[in-house]
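One structure is given below, encoded as structure tokens.
Read the figures in this text as sums done on the coordinates, not as results from a lab. The shown structure was predicted, so the numbers you read here are calculated from the model rather than taken from an experiment. In this analysis, Cβ positions are derived from the backbone assuming ideal geometry, glycine residues included, and neighbour counts consider all displayed protein chains.
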Amino acid sequence: MGEIIKGICKCGYQTKELKFGAGMADFEHSRTVPAISMMTADIVELDILAKSPNPQLVPYTDPRLHDQSCTCTHLQAWETLLPTQGNYCPGCHQFRLRFESLGLYD
């Protein structure tokens, strides 16, 4: 099962609801993670198992988007880990964005 998540920062920035992981029907060939668009600075969904991923999107599983001194917990979908806190916020440009799980999807 995948998770429905939302990014929230103390500066007031919030994402729309995003999918993380995969559902039962597509888990063998799809894995969705939040990613930041280098063109618009929007946080969107990215399938990291896609055959030709968009090079303008950087997934939040990339260490550059995470405060390396943060000892937070992670959301996990198979071997894919997503830090729950200390993520880069496009609103305030600080590593204060957190991802919260809102529920599961299938």
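Brief remarks follow.
- Dipole of the chain, positive direction: furthest Cα of Thr32, Pro63, Ala22, with charges on the beta-carbon: Pro63
- Overall dimensions of the chain as given by Cα atoms, namely Rg and Dmax in Å: 12.9, 37
- Amide proton proximity set for Tyr105, modelled H, under 5 Å, gap of 5+: Gly2, Glu3, Ile4
- For segment 69-83, 3J(HN,Hα) computed residue by residue from phi via the Karplus equation (6.51, -1.76, 1.60; θ = phi - 60°) reads 8, 6, 10, 7, 7, 10, 7, 10, 10, 6, 8, 8, 10, 10, x Hz, glycine and proline entered as x.
- Across segment 6-16, coupling constants 3J(HN,Hα) worked out from phi with the 6.51/-1.76/1.60 Karplus curve, θ = phi - 60°, read 9, x, 9, 10, 4, 6, x, 5, 9, 8, 6 Hz, and Gly and Pro carry x.
- Taking a straight Cα-Cα cut-off under 25 Å and skipping sequence neighbours fewer than 8 places away in the same chain, the lysines within cross-link reach of Lys51 are Lys19.
- Added length on full extension, which subtracts the Cα-Cα distance from 0.36 nm per residue, Cys72 to Ala25: 13.9 nm
- In this structure the amide hydrogen of Leu46, modeled in the peptide plane, comes within under 5 Å of the amide hydrogens of Val33, Ala35, none closer than 5 places in sequence on its chain.
- Label-to-label distance for Tyr13 and Met38 is 1.7 nm, based on points extended 7 Å past Cα in the beta-carbon direction.
- Distant alpha-carbon pairs in segment 1-52 (separation over 15 angstrom), percent: 51 percent
- Put a plus charge on the Cβ of each Lys and Arg, a minus charge on the Cβ of each Asp and Glu, and nothing anywhere else: the dipole of the chain about its Cα centre is then about 380 debye.
- ³J(HN,Hα), Karplus 6.51/-1.76/1.60, whole Hz, each residue of segment 35-50, x for Gly, Pro: 9, 9, 7, 6, 8, 10, 6, 7, 9, 10, 8, 9, 8, 6, 9, 4
- Taking all Cα pairs closer than 8 Å and separated by 6 or more residues, the relative contact order of the chain comes to 32 percent.
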